[in-house]
Amino acid sequence: MPQVQQFSQHGGTTTLIISAFDNEDKFFFFGHTFYIAPVLTQSFGTQLANEESTLTVYFPTGSNYWNYQGLATKEYFGGSTTTFTRKFSDEALYFQKQGTVFFKQTPQNRARLLDNHFRLFAYLDKNEKAEGKIMTLTDYEENNVHAKCMSTTDCIAKVSVTLNSKTSAKIQFAGVSATTVYETIIIDEINVVYGAKLYTKAVTQTIKGDISFDVILQ
C-alpha cells in the first residue's frame, strides 16, 4: 500500500483538510519522494485504452514538484491545480517532491537481473539541498540481501546533494551506521534540479564506501 499524507486545499477564507486516503482514486504519495497521479477512469470509445481523458491534479502545499516525463511544464507549485490530458494506457504521472533524491536503473523483469549502475536525480529545496537513500548492494539475490542487510550489518546509505555554487554540487554518500556494508555501485549520470531548471551531467563515479565528491553542473 502506498504511504498517504494529508494536505490542505484553500478556497476563500475556508480551509478544507482533504485526506489522500479518502481521495486515493485521484492522487497519493508513494513514500516521501513521489506524488502519483494515475488515470483510473477508462474512456469507452472505439480505441478503449487509447482514448484520452482529462485528469485534474491538486499539488499539496508545503512543497513544489518536478516531472521527468516529457510534459511541457516541468515544475508544479504546491497549492496549485493543473489539468492533464492522458490515455488510460499511459504511464501514471509521477512528480518528485522538492528536497528529495532518488535513483533509476535500467528496468528488468527480475530483481536479480538488476546491475550496479544508477542515475541519480536530486530536486533541491529552498535551502539548496536534497536527501535520499540507496541500497548499497550489487547482488540482489535473496541470500545475499538477507546476509548483509538483515543480520548484524545493514546495506543502506544516506545520500545528500548540496549546491556549492551556481555551477557545482557536492554529493555525499554515508552509511546509516558503522556496520553498513558496501558493494560496488556506479553512478553514470547525475541530474540536479534547482532554479526551475534541470542540469544533467554524465559521470563515472564508483561508490565503494562513504564518499564525498563535487560535480560541475554547467
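The values are calculated or read from the model by the stated rules, or taken from the named source; none is laboratory data. Only a predicted model underlies this, so the values are computations on that prediction, with no experimental measurement involved. Ideal geometry is used to build each Cβ from the backbone, glycine not excepted, and the neighbour counts take in all protein chains shown. When the accessible area is computed, the model is the full protein with side chains, heavy atoms only, and any ligands, DNA or RNA have been set aside. Shrake-Rupley method; radii C 1.70, N 1.55, O 1.52, S 1.80 Å.
A few remarks follow.
- Residue among Asp214, Asp139, Asp188, Asp210 that is within 20 Å of the chain's Cα centre (by Cα) and either surrounded by fewer than 16 Cβ atoms within 10 Å (Cβ to Cβ) or modelled with pLDDT under 95 (or both): Asp188
- Residue ID - most open to solvent (accessible area, probe 1.4 Å), chosen from residues in region 191-207 that are of a type outside the set (A, V, I, L, M) and more than 20 Å from Lys158 (Cα to Cα): Lys197
- Any hit, region 106-116, residues being under 15 Å from the mean Cα position of the chain (by Cα), touching a residue at least 24 places away in the same chain (Cβ under 8 Å), within 28 Å of Lys74 (Cβ to Cβ) and surrounded by fewer than 18 Cβ atoms within 10 Å (Cβ to Cβ): no
- Test: residue in region 62-71 that is open to solvent by 50 Å² or more (accessible area, probe 1.4 Å) and either in a strand (DSSP E or B) or among the β-branched types (Val, Ile, Thr) (or both): no
- The residue that is least open to solvent (accessible area, probe 1.4 Å), among those in region 72-101 that are farther than 22 Å from Lys126 by Cβ and part of a loop (DSSP other than H, G, I, E, B), is Ala92.
- Taking the criterion of being in a loop (DSSP other than H, G, I, E, B), touching a Ser or Thr at 6+ places or on another chain (Cβ under 7 Å) and within 19 Å of Tyr199 (Cα to Cα), the only residue of region 102-129 that qualifies is Glu128.
- Residues of region 97-125 that turn out to be of a type outside the set (D, E, K, R), closer than 24 Å to Asn67 by Cα and modelled with pLDDT of 85 or more, as a count: 14
- Failed item in (1) touching a Cys at 6+ places or on another chain (Cβ under 8 Å); (2) open to solvent by 60 Å² or more (accessible area, probe 1.4 Å), with Cys149 passing the rest: (2)
- Residue list for region 167-218, filter: of a type in the set (Lys, Arg), free of Cβ contacts under 8 Å to residues at least 40 places away in the same chain and either farther than 16 Å from Phe118 by Cβ or out of contact with any Ser or Thr (no Cβ under 7 Å at 6 or more places or on another chain) (or both): Lys197, Lys201
- Of Thr54, Thr46, all but one fail to be modelled with pLDDT of 55 or more and open to solvent by 80 Å² or more (accessible area, probe 1.4 Å); the exception is Thr54.
- Breaking point among (1) of a type outside the set (Ser, Thr, Tyr); (2) in contact with a Pro (Cβ under 8 Å, 6 or more places away or on another chain); (3) open to solvent by less than 20 Å² (accessible area, probe 1.4 Å), for Leu124: (2)
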